[in-house]
Amino acid sequence: MLSINNLHVSIGEKEIIKGLSLDIPAGEVHAIMGPNGAGKSTLSYTLSGRSGYDVTEGSATLNGEDLLGLDPSERAAKGVFLSFQYPLEIPGVPTLTFIRAALNAQRKARGEAESTAPQFLKLAREAAAKLKIDFEMLKRPLNVGFSGGEKKRMEILQMAILEPKLLILDETDSGLDIDALRIVSEGVNAMRAPDRAMLVITHYQRLLDYIKPDRVHVLAGGRIVASGGPELALELEANGYDQYAQAAA
Amino acid sequence: MSLVKAIQTRDASALPGRRDEAWRYSDLKGVLRAIPDASPAAAAPASAPPLAEVVADNEIVVVNGRSTVMRFVASAGAPRTLRLRVVASAEHTAHSGLLALELPDGSDLTLIETYEGSGSGYVSDFGLAISMGEGARLERIVLLDEPADAVSVSQAEVELSATSAFRQTVIASGARLQRHETHVRHPGGGAEARLDGLYILEAKRHTDLTTVLTHAAPDGTTTQLTKGLVKDQARGVFQGKIVVEEGADRTDARMGHHALLLNDGAEVDAKPELEIYADDVSCAHGNTVGSIDEDALFYIRSRGIPEAEARALLMEAFVGEVVDRIEHEPARDAVRAWVADRLRGLS
């Protein structure tokens, strides 16, 4: 489903991703682990189209369609969703208004009918109930004054409503206590589907106790230096990243 | 030194310019080399006024400075709405006008004051004298919706009384040179003033929102929030001055001005001033000029909203805070619609 081939990415003059290749088949969850500065966030921003991340070589396709030539909103309409490590506060825009605008913009881009207000409210109510989000909260401006856990839940809520094909979770566990982590992880696990792929980016193994990956990759020095099953995450937790940092150097 | 004097005497040397401190950023003298001929009398326009959705109990129309009404006294009792429509129907001519507005004790008025023009290159000056009785309440919504090549100056002198409330929102889209001044004499004694502003500028438009508010006695409250969006080579000017005179203790005054520059070349000049001669006061001001938050913009785009729409969303949210403070609901809705329309043109 997601296919990345020999990707090179620079920020300014500095090359951060140096020939990364990765395939995630539909229905699978892959984890990317790596030390700080390995290029984890660069990879998630590059896939979602943030400006300032220059792809100098290589390709990334979703279901065979090129992603890298599209702007962020077009990628979203194709099914890419990045769950931010630090979700932004959007003052003055009620959460419901924002999510509906996003849903309808995506539908419009795909040539689908827009969601009417009653349809959308039903969808939002159901999704909020599953994530134990108080519906009243969705009338407040998106993320403004929300706790870390609430912001992450809002990310999952958006995912549940927008139904993306490719989920990229960038350090979703950061800033979460155990209870919030469990609720968020349950939300993510509920999104698992045969026609959906997930890329879970994390520094710590802890998140992978809750979101079980099919494959684990180690990112160091801008490349994938090791791949394996879930046991690789446990090994990293025990032995650290040092051996891979040396391999990458 | 004033535009009205220059128009009346047809003497351009009476114009204020950038060498005058109060006109530093709005160089009237530099813009107007000569005073044009006097505007002829003209008929009131057949078109609907700006903010036409707001239903008014009374209407005063001023065309090229002329009106059948020179003084309006609000009726006491139930809240009323007055529409004041200041129209220029002029081609390269100049005019000035005046109106006195009196609010008796306990009266409650919403003033919908709009400035518009047909024709081109006109020069307009309009003055409003407002006096408020005890316990009177006035919400003044001013919309400056004028042609790009107009020169337009308007000023209001406001006298509050104890326990009265004056609330104002000025919405400006600029002109060749547009300036709106509000001077408020604040008697304290529980009286409150709100002086809000909003400017949305593009092309080479210029607007100048100037306020001077003087707290003359204890226990007065003032809040002020002005926001601006400036694009292209447009220029926004905010001059906000709050004076707290000696003895005006327990004055509470807050001033905020925040603007976004939408591209290089856009300009905002801000001069917030607090002059405090009393000891026991609570005064604060905040002033920021920045650009659209690129992180927020990317976040919104990553959810599927195209860039132009994402920018419009952020801009609408930014100025929405000022619109939300308008208390008169039909006026608030009408202003919101006007702003949304203007923003669509901007993004």
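The table that follows gives values for the structure above.
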read-out	value
Output for the range A:189-201, where each listed residue is surrounded by fewer than 23 Cβ atoms within 10 Å (Cβ to Cβ) and closer than 23 Å to A:Leu22 by Cβ	A:Asn189, A:Met191, A:Arg192, A:Ala193, A:Pro194, A:Asp195, A:Arg196
Number of positions in the range A:86-106 that are closer than 19 Å to A:Leu166 by Cα and modelled with pLDDT under 90	0
Unique residue being among the polar types (S, T, N, Q), assigned to a strand (DSSP E or B) and surrounded by 16 or more Cβ atoms within 10 Å (Cβ to Cβ) when the list is A:Ser10, A:Ser44	A:Ser10
For B:Glu134: the one exception among (1) under 13 Å from the mean Cα position of the chain (by Cα); (2) not in a strand (DSSP E or B)	(1)
Positions within the range B:278-289 being more than 14 Å from every other protein chain (Cβ to nearest Cβ) and either in a strand (DSSP E or B) or closer than 27 Å to B:Ala308 by Cα (or both), in sequence order	B:Ser282, B:Cys283, B:Ala284, B:His285, B:Gly286, B:Asn287, B:Val289
Which numbered condition B:Lys204 fails, given (1) free of Cβ contacts under 8 Å to residues at least 40 places away in the same chain; (2) outside any strand (DSSP E or B); (3) charged (D, E, K, R)	(1)
Near pairs, Cβ below 7 angstrom, 6+ apart or cross-chain, from the range B:277-289 (in contact (Cβ under 8 Å) with a residue 12 or more places away in the chain) to any residue that is surrounded by 12 or more Cβ atoms within 10 Å (Cβ to Cβ) and of a type in the set (Asp, Glu)	B:Tyr277/B:Glu245; B:Ala278/B:Glu245; B:Ala278/B:Asp249; B:Asp279/B:Asp249; B:Asp280/B:Asp249; B:Val281/B:Asp249; B:Ser282/B:Asp252
Among (1) within 9 Å of chain B (Cβ to nearest Cβ); (2) surrounded by 16 or more Cβ atoms within 10 Å (Cβ to Cβ), the one test that A:Leu67 misses	(1)
Those residues of the range B:292-305 which are over 11 Å from A:Ile90 (Cβ atoms) and at pLDDT below 95, in sequence order	B:Ile292, B:Glu294
Residues (more than 17 Å from B:Ser152 (Cα to Cα) and crowded, with 24+ Cβ neighbours inside 10 Å) located in the range B:199-221	B:Leu213, B:His215, B:Gly220
Given (1) touching a residue at least 24 places away in the same chain (Cβ under 8 Å); (2) loosely packed, with under 14 Cβ neighbours inside 10 Å, index of the condition B:Leu101 fails	(2)
Test: residue in the range B:217-239 that is over 16 Å from the mean Cα position of the chain (by Cα), of a type in the set (Ser, Thr, Tyr) and under 26 Å from B:Ile326 (Cβ atoms)	yes
In the range B:302-316, residue farthest from the other protein chains (Cβ to nearest Cβ) [restricted to those that are buried (at least 19 other Cβ atoms within 10 Å of the Cβ) and part of a helix (DSSP H, G or I)]	B:Arg311
Matching option when the condition is within 19 Å of the chain's Cα centre (by Cα), within 8 Å of chain B (Cβ to nearest Cβ), polar (S, T, N, Q) and surrounded by fewer than 21 Cβ atoms within 10 Å (Cβ to Cβ), among A:Ser59, A:Ser51, A:Ser73	A:Ser51
Flag for B:Ala94 being closer than 19 Å to B:Arg185 by Cα and either of a type in the set (A, V, I, L, M, F, W, C) or touching a residue at least 40 places away in the same chain (Cβ under 8 Å) (or both)	no
Residues of the range B:229-250 classified as part of a strand (DSSP E or B) and of a type outside the set (Gly, Ala, Ser), total	10
Tally, over the range A:97-116, of residues that are touching a helix residue (DSSP H, G or I) at 6+ places or on another chain (Cβ under 6 Å), within 11 Å of chain B (Cβ to nearest Cβ) and surrounded by fewer than 17 Cβ atoms within 10 Å (Cβ to Cβ)	2
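One line per residue, one yes/no per condition, for (1) farther than 30 Å from B:Lys5 by Cα; (2) of a type in the set (A, V, I, L, M):
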position	(1), (2)
B:Val55	yes, yes
B:Ser67	no, no
B:Met70	no, yes
B:Val86	no, yes
B:Glu91	no, no
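The values are calculated or read from the model by the stated rules, or taken from the named source; none is laboratory data. Everything numeric in this text was worked out from a predicted model, so none of it was measured. Positions of Cβ are generated from backbone atoms using ideal geometry, with glycine treated the same way; all protein chains shown enter the neighbour counts.
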